[in-house]
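Scroll down for the structure; my scribbles are underneath it.
The values are calculated or read from the model by the stated rules, or taken from the named source; none is laboratory data. The structure displayed is predicted, hence computed values, not measured ones. Methodologically, a virtual Cβ is constructed for each residue, glycine included, from the backbone with ideal geometry; neighbour enumeration extends over all protein chains shown. These area figures cover heavy atoms from the full protein model, side chains too; ligands, DNA and RNA do not enter into them. Shrake-Rupley method; radii C 1.70, N 1.55, O 1.52, S 1.80 Å.
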Amino acid sequence: MRPEDDTVDVGDSASMSEPPGELSGSLSGSMSEATADTVEPRPTVAERIARPFEVRVGQLVAHYRLQALLGKGGTAEVYRAWDTRLARPVALKFLRPDRISRDRVARLIHEGRVLARLSDPAVVRIHQVLEVRGLACLVMEFVDGDTLKDRLGAGPLPRPEALRIGRAIAHAVAALHEAGYTHCDLKPANVMLGRDGRPRLVDFGLAARVNRAAQG
């Protein structure tokens with residue numbers, strides 16, 4: 001994808017090649033105007049990973065319009081986006097283009113599968129997993145709020161609030177263990193405090209299976 005394109009309509013990402021011209025409409029419309037001599041062969045997985053497009057605010061990824069960058073970590077970045085089909089805000093988590101590797105793509109997909117096993121109110125909900133020309137992407141609920149780390153930076157928590165948050169996260173961790181996993185990265189930065197008053201545990205990228213045999 002060329003950097004100057006403002007719209008990325010990926011459609012069915014598994015069958016995506018790189019058509020010429022602006023992608024302001026559907027892929028089928030762009031491809032129908034190309035001749036057999038100009039149509040590129042479908043890229044391999046290795047080629048898609050080697051040539052990921054640049055994610056930018058304003059792009060349309062599938063039916064999600066990217067609105068703002070919410071945060072960036074060592075290997076991933078999270079955007080607020082608008083679901084144009086269901087008319088709701090969502091959060092899209094992409095691997096950073098400079099951190100793409102087969103192992104990290106597999107890890108992000110694994111994170112989505114772990115989240116799909118959980119339905120606890122204190123765990124961020126997963127809606128969909130996309131593979132967009134080499135960029136794995138998780139589509140999750142958008143939590144309007146701040147992290148527990150940010151909240152603690154503003155001062156000590158009142159005892160009732162600390163107990164409420166602690167109980168909710170402990171319940172989420174117990175649900176994760178019941179599903180056969182451990183979070184492995186539990187910290188204030190990975191707890192979102194929604195303005196609706198409900199805390200959510202996030203970032204399950206390091207979640208690992210619990211070795212129940214070792215536990216006896």
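Looking only at residues that are charged (D, E, K, R) and in a strand (DSSP E or B) in the range 159-212, which one is surrounded by the most Cβ atoms within 10 Å (Cβ to Cβ)?
The selected residue is ARG200.
Can you pull out the residues in the range 109-121 that are open to solvent by 30 Å² or more (accessible area, probe 1.4 Å) and in a helix (DSSP H, G or I)?
Residues satisfying the conditions are ILE109, HIS110, ARG113, ALA116.
Report the residue count in the range 50-108 for those that are surrounded by 14 or more Cβ atoms within 10 Å (Cβ to Cβ), in a loop (DSSP other than H, G, I, E, B) and of a type in the set (S, T, N, Q).
Adding up the residues that qualify gives 2.
Would you be able to say whether some residue in the range 122-144 is modelled with pLDDT of 95 or more, of a type in the set (Asp, Glu), part of a helix (DSSP H, G or I) and within 23 Å of ARG96 (Cβ to Cβ)?
The answer is no, given that none of the residues of the range 122-144 is modelled with pLDDT of 95 or more, of a type in the set (Asp, Glu), part of a helix (DSSP H, G or I) and within 23 Å of ARG96 (Cβ to Cβ).
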